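J.: This is the structure I want to talk about, given as structure tokens.
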2 protein chains.
Amino acid sequence: MSNSTAAYGALKNRFDRLAALQGAQAVLHWDRATMMPEGGARARAEQQAALSLIAHETLTAPEVSELLESAGETVSELDHWDRANLAEMRRIHAHATATPADLVTRLSRQKSATEMLWRKARAANDYASLAPALDELITLIREQAAAKAEAFGLDPYDALLDGYDPGRRAAEIDGLFAELAGFLPGIMRQVMEKQKAALPIEGHFPVDRQERLGREVMGFLGFDFAHGRLDVSHHPFTGGVPEDSRITTRYDEADFTRSLMAVIHETGHSLYERGLPEEWRGQPVGRSRGMTIHESQSLLFEMQAGRSEEFISFLAPRLKEAFGGEGPAWEPDNLLRHYRKVGPSLIRVDADEVTYPLHVILRYRLERQMVAGTLSARDLPAAWNEGMKTLLGTVPPDDASGCMQDIHWPSGSFGYFPTYTLGALAAAQLFAAAKRARPELGERLARGDFTPLVEWVREQVHGQGSRLAPDEILLAATGEPLGTAAFRRHIETRYLS
Amino acid sequence: MSNSTAAYGALKNRFDRLAALQGAQAVLHWDRATMMPEGGARARAEQQAALSLIAHETLTAPEVSELLESAGETVSELDHWDRANLAEMRRIHAHATATPADLVTRLSRQKSATEMLWRKARAANDYASLAPALDELITLIREQAAAKAEAFGLDPYDALLDGYDPGRRAAEIDGLFAELAGFLPGIMRQVMEKQKAALPIEGHFPVDRQERLGREVMGFLGFDFAHGRLDVSHHPFTGGVPEDSRITTRYDEADFTRSLMAVIHETGHSLYERGLPEEWRGQPVGRSRGMTIHESQSLLFEMQAGRSEEFISFLAPRLKEAFGGEGPAWEPDNLLRHYRKVGPSLIRVDADEVTYPLHVILRYRLERQMVAGTLSARDLPAAWNEGMKTLLGTVPPDDASGCMQDIHWPSGSFGYFPTYTLGALAAAQLFAAAKRARPELGERLARGDFTPLVEWVREQVHGQGSRLAPDEILLAATGEPLGTAAFRRHIETRYLS
């Protein structure tokens, strides 16, 4: 065995350990959001900070640079997967070494503290109690962005973005978002004039029945409960590790429709994790390929397939049966109207797919300013409300339904928001390509059968891990680079034809 | 600041990190037993192995020896708590350095694997499928015992025992257990002749009502749900960290009585964790003082106070109300008979307090042989059945209700079992002392009020952390060293007077 081969082997061992640490982190994170009593917060923050720091030390130990150098000497002898694995090792190492260890600890503690404050502040609609901690967090985020920017020779915002969506740059997003901001408001107005009001679907929908229905629908999508769970959290998310992929939702006993779509959305994320190449488990190339691709998977199942006429027709009689519903409100046509209602709204996670990008564009603009240092936490509410007025023509009555609605900034995620809308663009491209490749897809959905879609996307996306760049995956799967055309076609067909 | 003071400060930081790692481990362990889907086992084992190894590295890094030496130079200037803290650091360090890193990893993996196998083997009553893995585990345990024995100049079994009950030696246990084996079988026969049969308490007891009752009873004992949880697992246990102390139970819808006492038992453990000195959180001296003291706390609440005539009289009408019970079976007298039924049985966790020590003595004898290498996993079932016959006069019909009933050996706990019975002895001493110190204790229990007991034990035991040796805590609290006299008095008074 050459030195170079041995070095690559040593790196693989080290990344296996890193994956185990990150898996442990994922359990701590899931537990905090679903199970942990309030009084456990301080101890949990210490646990998470310790694991963050140890993961950072694992990546930044001096011998890792030497191993990477040595392993690189025979890179030409490696096959495609190993080459991509080594490249990902380099990228992850570069992100880690760019952030000093003490900043990792300070960030981890400040994220935990600010997120816990946010939970209380949002419930009490008390932004003033959050702002100082958020300002401190922004200062640390800017410190991190500056350090990464210098290391990578990038703009600070791009340096953060790269951590969520490898290779993505703000200049490209600016272009895509300008197109969306150009045509979406007009489409929104056209749809609003044209759409027929849905009859309200009224009743009392007990949590246990909603949960049973959610599990049933997860089964249609192929969720494997021997390798995952469904639980409740304030904000739906997908957590855990590929072998134990856990999704959450939240229940409203007066409205089952949102929880159900949240379940489909998170199942989309979970299928991606479960479908990652098993033989590369624990290695960088075996990981999911950033948040744009991840969001494309949740939206592929929720927005593209889940709200298709075919699947809604299949779903309607099952809903009727699950909740004992009666009358025209429970017919497929009305359910479709319900799930396709378009209009300006205050809350991003409740927004329809036509206006959702406008919510994201607002956050993207604001977080770029915060990272640039031209917008402070103190001035955020005013900027938020002004942006809402411009983009959506509506202003929130309070900060709880305004700039405090999302967990992202209080938990330190800056550079994440744009991936929601980039994911929506990608999902439209992927669904169109899947239908071309598997013409039976629609009629199978009409029988509640997601198999053709799952098979296609598993081969084209899930099984690719991080072998290719996000846009290379998309190009290979759809024949097109990331753009707004498929998305525009999708919403014009769905809402205006 | 002197070098020595700086060294002690550096050690405190390192032990804070260790506590955070062990807290993370506690969450992973709790989750595995309560929440994890079966398919997550392999990934979880990797996570736990990684954290074990990192904790081991944190303790055994070369600089720790140097810091301990340097901190020891000014030990006379430290106050009692800091001195005890430094002494505990040394003890923990000695246990860690005695075990080589590769053995830590092999042990962690083999424990996870054997425990998962045990779950299946017990369910299928298939000991043969467990034996090879158990033999491998015993080999590793013997390797660990030998390494520790050499480092500490102890007998191998004593070296393991010391990890669960600091300072405890088998020679002392031999004496105590010989006394118990001497008088318990005779007392058992006397009680069996004298006791009146309890009327069966029959009905369907839904899980949700049992859970509600359990939470209510936890409230009587002072359990704080902002700092803990109640969940379900196959085997009841207390997990988590002092700020987030989680107990579990299991439910049988045909019999609520066992789950209820399990809840009281685990709440006793949890109160100990919650009552540890807050100002020493994360430091060795702030930890609980070994498993004998820990078990004394669960048994103090379950066996001593929980099955007292006073508390059972208070409890009986509440049970009646909770389950809509009617008739003489639900009267205090009958409930008392039910909770004080004595006789030989197959399952340790279901045994009464008179015969329980005989179950422990069996396990103690067998595990000493396994650690000594004179009993292999293959020969365990025969040795088990013979021991049951000798000690309890009964033989299990299968291994599932025989040598496979406990999780301890398959999860690698050798040297743990005796602490159950030592804890029972200590609990009898502590309860007698508490009643002397707080004469109102009995009448308060008759009102469902555990406050005097909790206050006394918090001061005498919980708040002491690891400042003293287990037997010093006991001596200070009760005026007597650990012995069988108080326990014998207790059972003679309760069962024969």
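J.: Can you find, among B:ILE312, B:LEU299, B:TRP330, the residue sitting farthest towards the positive end of the charge dipole of the range B:275-335, where Lys and Arg contribute +1 and Asp and Glu -1 at Cβ?
T.: Comparing the listed Cα positions along the dipole, B:LEU299 ranks first.
J.: Let me ask something additional. With a cut-off of 11 Å, note down the residues of the range A:454-495 whose backbone N falls inside the zone around a label point 7 Å from the Cα of A:VAL75 toward its beta carbon.
T.: none
J.: Search the structure for amide H atoms under 5 Å from the amide H of B:VAL241, placed 1.01 Å from N in the peptide plane, and list their residues when 5 or more places away or on another chain.
T.: Distant-sequence amide H within range of B:VAL241: B:ARG246.
J.: Given A:GLY282, A:ALA98, A:LEU482, which one lies farthest toward the positive end of the charge dipole of the protein assembly as shown, if we put +1 on the Cβ of every Lys and Arg and -1 on the Cβ of every Asp and Glu?
T.: A:LEU482
J.: Follow-up question, since we're still on this one. Quickly rank B:144-151, B:416-423, B:30-37 as a protection proxy: mean count of other C-beta atoms within 10 Å, highest first.
T.: For the peptides B:144-151, B:416-423, B:30-37, the packing ranking is B:416-423, B:30-37, B:144-151.
J.: Calculate, in whole percent, how much of the Cα-Cα pair population of the range A:225-276 lies beyond 17 Å.
T.: Here the tail beyond 17 Å accounts for 30 percent of pairs.
J.: Charges only on Cβ, +1 for Lys and Arg, -1 for Asp and Glu: so what's the dipole of chain A about the Cα centre, in debye to the nearest 20?
T.: 620 debye
J.: Moving on to the next point. Over the range B:3-153, what is the relative contact order in whole percent, taking alpha-carbon pairs under 8 Å and six or more residues apart?
T.: 28 percent
J.: Taking the Cβ of each residue in B:GLU88, B:GLU279, B:GLU63 as the centre, tally the other Cβ atoms inside 10 Å and list the residues starting with the fewest. Working shown, then result.
T.: Working: B:GLU88 21, B:GLU279 8, B:GLU63 12.
With the fewest neighbours first, B:GLU88, B:GLU279, B:GLU63 line up as B:GLU279, B:GLU63, B:GLU88.
J.: In angstroms, what radius of gyration and Dmax does the range A:154-497 have, counting Cα atoms only?
T.: Rg, Dmax (Cα atoms, Å): 19.5, 58.
J.: Could you sort B:326-335, B:109-118 so that the peptide with the highest average Cβ count within 10 Å comes first and the rest follow in order?
T.: Top to bottom by mean Cβ count within 10 Å: B:109-118, B:326-335.
J.: Hey, got the Cα dimensions of the protein assembly as shown along the principal axes, in Å, largest first?
T.: Principal extents (Cα only, largest first): 90, 70, 56 Å.
J.: Sticking with this one: Kindly give the distances from A:SER65 to its copy-mates, label point to label point, with each label point 7 Å from Cα along Cα→Cβ, as nm values to one decimal ordered shortest first.
T.: Spelled out, the distances from A:SER65's label point are 3.0 nm.
J.: With 17 Å as the cut-off, how large is the P(r) tail for the range A:3-153, expressed as percent of Cα-Cα pairs? Spell out each step's value before the answer.
T.: Details: 7743 of 11325 pairs.
The share of Cα pairs beyond 17 Å in the range A:3-153 comes to 68 percent.
J.: Please compute the average number of Cβ atoms from other chains found within 10 Å of each residue's Cβ in peptide B:16-23.
T.: Per residue, the average neighbour count from other chains is 5.
J.: Hey, rough spin-label estimate for B:ARG109 and B:GLU386, points 7 angstrom out along Cα→Cβ, what's it come to in nanometres?
T.: Here the answer is 3.6 nm between the modelled labels.
J.: Can you run the Rg to Rh ratio on the range B:258-336? Use alpha carbon positions and the Kirkwood inverse-distance Rh.
T.: 1.15
J.: At a 10 Å Cβ-Cβ cut-off, how would you order A:TRP81, B:TRP384, fewest neighbours first?
T.: A:TRP81, B:TRP384
J.: Which entries in the list A:LYS111/A:LYS148; B:LYS196/B:LYS320; A:LYS194/A:LYS341; B:LYS111/B:LYS148; B:LYS194/B:LYS341 go over 20 Å, if you measure between the two C-alpha atoms of each?
T.: Values: A:LYS111/A:LYS148 18 Å; B:LYS196/B:LYS320 22 Å; A:LYS194/A:LYS341 11 Å; B:LYS111/B:LYS148 18 Å; B:LYS194/B:LYS341 11 Å.
Where the Cα-Cα span goes over 20 Å, the pairs concerned are B:LYS196/B:LYS320.
J.: For B:LYS12, go through the lysines and keep the ones whose alpha-carbon is under 18 Å away, minus same-chain ones fewer than eight residues off.
T.: Hits, sequence-local ones excluded: zero.
J.: To the nearest whole number, what is the average tally of beta carbon atoms from other chains within 10 Å of the beta carbons of peptide B:25-37?
T.: Across the residues of B:25-37, the mean count of other-chain Cβ atoms within 10 Å is 5.
J.: Also: Mind sorting B:LEU161, A:LEU67 by how few other Cβ atoms lie within 10 Å of their own Cβ, fewest first?
T.: With the sparsest Cβ surroundings first, the list reads A:LEU67, B:LEU161.
J.: Per residue of A:42-53, what is the mean number of Cβ atoms on other protein chains within 10 angstrom of that residue's Cβ?
T.: 6
J.: Of B:LEU67, B:ASN3, B:ILE141, which is farthest on the positive side of the dipole of the range B:3-153, counting Cα position, with +1 on Lys and Arg Cβ, -1 on Asp and Glu Cβ, and the Cα centre as origin?
T.: Result: B:ILE141, furthest along the dipole toward the positive end.
J.: Modelling each spin label as a point 7 Å along the Cα-to-Cβ direction, I'd like the A:GLN369/B:GLU279 distance in nm, to one decimal.
T.: 4.9 nm
J.: Output ³J(HN,Hα) for the range B:407-416: one whole-Hz value per residue in order, computed from phi by the Karplus curve 6.51 cos²θ - 1.76 cosθ + 1.60 with θ = phi - 60°, and x for Gly and Pro.
T.: 7, 4, 5, x, 9, x, 8, 10, x, 8
J.: Mean Kyte-Doolittle of at least -1.0 plus a Cα span of 30 Å or more along the axis: flag which DSSP H helices in chain A meet both, please.
T.: Sorted by number, the helices that extend far enough and score high enough are A:3-34, A:101-123, A:131-152, A:170-194.
J.: Could you give the dipole magnitude of the protein assembly as shown about its Cα centre, charging the beta-carbon of Lys and Arg +1 and that of Asp and Glu -1, in debye to the nearest 20?
T.: 1000 debye
J.: Same structure again: Express the relative contact order of the range B:422-497 as a whole percentage, based on alpha carbon pairs under 8 Å and six or more residues apart in sequence. If you can, show how the numbers build up before the last one.
T.: Working: 54 pairs, mean separation 30.8, N = 76.
Relative contact order comes out at 40 percent.
J.: A further question follows. Work out how much length A:ASP333 to A:GLU216 would gain on full extension: take 0.36 nm times their residue separation and subtract the Cα-Cα distance, in nm to one decimal.
T.: Value of the extension gain: 39.9 nm.
J.: Run the helix sum for chain A: -39,500 (n - 2.57) per DSSP H stretch of 4+ residues, divided by residue count, reported at 222 nm to the nearest 500 deg cm²/dmol.
T.: Result for chain A, helices only: -21000 deg cm²/dmol.
J.: Treating only the Cβ of Lys, Arg, Asp and Glu as charged (+1, +1, -1, -1), what charge dipole size does the range B:252-331 show about its Cα centre? Round to the nearest 20 debye.
T.: 380 debye
Each reported figure results from applying straightforward, stated rules to the coordinates on display, with no laboratory input. This one's a predicted model, so the numbers in the text were calculated from it and none came from an experiment. Reconstructed Cβ throughout: ideal geometry from the backbone, glycine too, with neighbour counts over all protein chains shown.
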